[in-house]
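Peer 1: First the structure, which I've put down as structure tokens, then a few questions once you've had a look.
The values are calculated or read from the model by the stated rules, or taken from the named source; none is laboratory data. All of these numbers come straight from a predicted model, not from anything done at the bench. As a convention, Cβ positions derive from the backbone with ideal geometry for all residues, glycine included, and neighbour counts pool all protein chains shown.
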Amino acid sequence: MSSRKMDSLFTLLLYSVTFIFSLFIYKPSLLFAQFQPAFYFDRHFLHGFLHYPGGFTDALSLFIFQFFFNDIVGSLLFAAILLAIFLFLQATLRQVSTASPILVILLPLFLLIMLYNQYNIPLAIAFKFAIVLFCACLYSKGGTMTRVLLLCAQPIFYWMVGGWFSLFFVLVILFIHLFYHWSTVIYPALFALLYSLSACLSARFLFQISLKEAFLYFIPAQYYLAPFLFKSNILYYLLLGSVPLLLMLLRVRDMLCNKRQSDVWRKKSEVIDRVTGVAVLCACMIFSIQPDQKRKININCLAEKAAWQSVLREAKQMRSYDRIVEFQCNRAMYFTGCLLDSLFEIEHLVGVNGLFVDRLMASQIALHASDLYFDLAYINAAQVMAYEYLTKFRYDARALKRLALTNAINGHPRKTEKFLQLLQKSLVHRRWARTHHLLLDEERIHEIPGIAEKRRRMPQADFFLSSQEPNTDMVALLESNGGNQMAFEYMMAYYLLECRLGNIAKHIGMLKQFDYGGVPRHLEEAAIMYQTGASRVGGELIKDIPFRRDRIALFGRFNKIIADNQMNRQRADQLLRAELGDTFWYYLFSGGGGRTDILKKRKIESEY
């Protein structure tokens with residue numbers, strides 16, 4: 001088989017492998033859910049990308065990225081970008097080296113796969129990387145005229161890809177000249193000079209950016225400043241250093257290995273090289289995937305679809321704790337009717353900060369807070385949090401949809417219309433906007449599922465949001481609209497997590513108001529503990545609430561284990577965890593409300 005046919009078959013194999021991996025394992029829709037890319041055919045939206053270097057390719061990558069909502073289309077596009085990177089790099093290296101092993105050329109793909117398996121790298125990184133390699137390919141294959149044209153176009157190239165990737169292009173050209181037959185370094189020097197001038201002029205006269213951003217910008221600031229979405233790590237810098245490193249290593253190889261191989265051995269080595277390359281690529285795909293990060297994103301997607309049973313099933317498979325996952329589990333337990341019965345079946349490492357995420361405010365989690373307040377029919381708070389989210393993530397479609405709904409519920413059709421008009425300018429979200437056109441028709445608005453129910457449960461009077469003491473918000477919701485059962489359950493869950501037995505005793509009588517068939521398990525556990533303490537000190541007892549004998553006996557068992565192991569708290573903890581680990585009593589024994597202050601003492605990124 002000729003080398004050309006072998007290259008064609010390998011190219012087809014490489015595309016097939018990356019497509020299958022992306023479709024069945026990686027799931028581009030999860031990357032879409034993580035970043036929520038939205039592209040609008042809107043003048044103001046598009047004009048914003050012209051105000052900084054790199055905005056042009058950011059807009060192009062965003063246009064492609066929006067189609068990742070569909071796994072099949074996203075897999076086709078993602079595999080095509082990875083294949084383009086391989087082909088451009090292969091053409092560049094083969095132009096400057098006598099032999100370029102496939103295993104070596106695949107190195108940037110190995111690193112890219114490992115990076116994207118973390119689900120915190122936007123598509124713009126791979127897209128700009130491919131553009132730089134394409135220009136490097138043109139430079140290495142072209143003659144003097146091509147290099148002069150690329151040199152003249154350097155300021156435009158800088159404006160298209162931004163400072164960081166423009167610098168990366170200059171470094172690739174420099175290494176080509178340093179290690180191969182073009183002895184002159186005039187071209188790299190001129191490219192570096194134009195890069196520096198472009199950056200300085202951009203920062204000083206053309207754009208409202210700092211000098212650091214002018215030289216080193218590589219992705220939109222909204223991602224770079226959000227640790228949830230992007231964090232440049234060692235793999236990212238290895239990726240950018242891999243191409244200059246390959247140029248240097250291949251040059252060393254050419255100098256040391258000048259022996260001509262026989263045709264038979266050369267063909268065998270090419271087959272072995274390609275098979276090994278695909279095997280290593282598959283290993284990178286499989287072993288670098290991060291199951292917990294993947295599950296976390298999937299849990300958020302399931303919560304958005306209100307698939308609450310699936311949320312609980314996925315959460316049980318998490319190997320590590322995550323605050324947002326706990327938050328979604330609490331929502332899921334309410335909607336499946338077991339919040340006050342199963343609250344302590346999951347970990348609560350940060351106390352009430354996993355129940356109300358906005359107690360530690362950050363723009364990144366504002367939309368989660370908006371989701372909860374929308375569930376609670378606290379429409380004004382949901383609207384405030386959606387606007388807060390837009391301060392960091394402009395044009396986020398989820399926030400725009402939330403604002404369309406909240407304004408419609410509040411009876412502001414003109415504001416609703418503005419958000420619907422913008423959503424109609426998106427290829428991905430225009431269908432949602434069209435199916436929700438009844439938001440503008442007050443007579444038919446109740447035909448949209450959930451609108452009538454939200455208006456029925458929403459507070460009749462407005463009040464200030466108290467994110468530091470969310471229980472006061474729940475009390476205010478109940479005072480304004482006594483039929484809000486979710487507000488009651490979240491208030492009682494707050495008191496359970498804070499171990500406020502007095503507050504539980506004060507409000508437990510409201511169970512009759514909501515027609516509960518019996519006392520929820522955790523409220524009964526807290527009430528039994530309160531009743532025991534109140535009877536000892538002569539406090540006011542809980543009346544008209546029957547307690548089950550088996551629960552009273554279980555509380556006696558709890559006290560006996562503690563009494564038998566007074567001198568060995570660790571032993572008591574082991575026994576209680578095994579027998580009563582899913583009870584309010586064990587939660588109180590093992591730390592109780594003190595968990596709420598953990599994030600103030602020790603900042604853990606995954607818990608924000």
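Peer 1: Do any helices (runs of 4 or more DSSP H) lying entirely in the stretch 374-478 carry at least 3 residues that are of a type in the set (S, T, N, Q), and which ones are they?
Peer 2: 379-392
Peer 1: Take A79 and decide whether it is surrounded by fewer than 21 Cβ atoms within 10 Å (Cβ to Cβ) and at pLDDT 95 or above.
Peer 2: No, not satisfied.
Peer 1: Oh, and also: When the stretch 502-529 is examined, which residues are found to be farther than 29 Å from D358 by Cα and crowded, with 19+ Cβ neighbours inside 10 Å?
Peer 2: If the condition is that a residue be farther than 29 Å from D358 by Cα and crowded, with 19+ Cβ neighbours inside 10 Å, then V519, I528, M529 are the ones that fit.
Peer 1: Give all pairs with beta carbons closer than 6 Å in which a residue from the stretch 187-200 that is closer than 9 Å to F215 by Cα meets a residue that is in a helix (DSSP H, G or I) and among the small types (G, A, S); count only pairs at least 6 apart in sequence or on separate chains.
Peer 2: The qualifying pairs are Y195/S166; A199/G163; A199/A214.
Peer 1: Tell me the helices (runs of 4 or more DSSP H) entirely within the stretch 63-121 that contain at least 3 residues that are within 22 Å of the chain's Cα centre (by Cα), aromatic (F, W, Y) and assigned by TED's automatic domain parsing to the domain that holds K267.
Peer 2: Per the criteria, no element qualifies.
Peer 1: Restricting to the stretch 542-571, what's the tally of residues that are in a helix (DSSP H, G or I) and touching a residue at least 12 places away in the same chain (Cβ under 8 Å)?
Peer 2: Residues meeting the conditions: 8.
Peer 1: Right, next: Mind checking which residues of the stretch 139-181 are outside any helix (DSSP H, G or I) and either of a type in the set (D, E) or buried (at least 18 other Cβ atoms within 10 Å of the Cβ) (or both)?
Peer 2: G162
Peer 1: With the requirement that a residue be of a type in the set (G, A, S) and either within 22 Å of L588 (Cβ to Cβ) or surrounded by fewer than 16 Cβ atoms within 10 Å (Cβ to Cβ) (or both), what does the stretch 468-501 give you?
Peer 2: Matches in the stretch 468-501: G482, G483, A493.
Peer 1: Give the residue, chosen from S232, S196, that is surrounded by 14 or more Cβ atoms within 10 Å (Cβ to Cβ) and at pLDDT 95 or above.
Peer 2: S196
Peer 1: Considering only residues of the stretch 392-408 that are basic (K, R) and over 19 Å from F230 (Cα atoms), which is surrounded by the most Cβ atoms within 10 Å (Cβ to Cβ)?
Peer 2: Per the stated criteria, the residue is R402.
Peer 1: Buried (at least 21 other Cβ atoms within 10 Å of the Cβ) and farther than 29 Å from N298 by Cα - does that describe any residue in the stretch 112-119?
Peer 2: No, the stretch 112-119 has no match at all.
Peer 1: Right, T435: loosely packed, with under 15 Cβ neighbours inside 10 Å, of a type in the set (V, I, T) and either in contact (Cβ under 8 Å) with a residue 40 or more places away in the chain or within 30 Å of I219 (Cα to Cα) (or both) or not?
Peer 2: no
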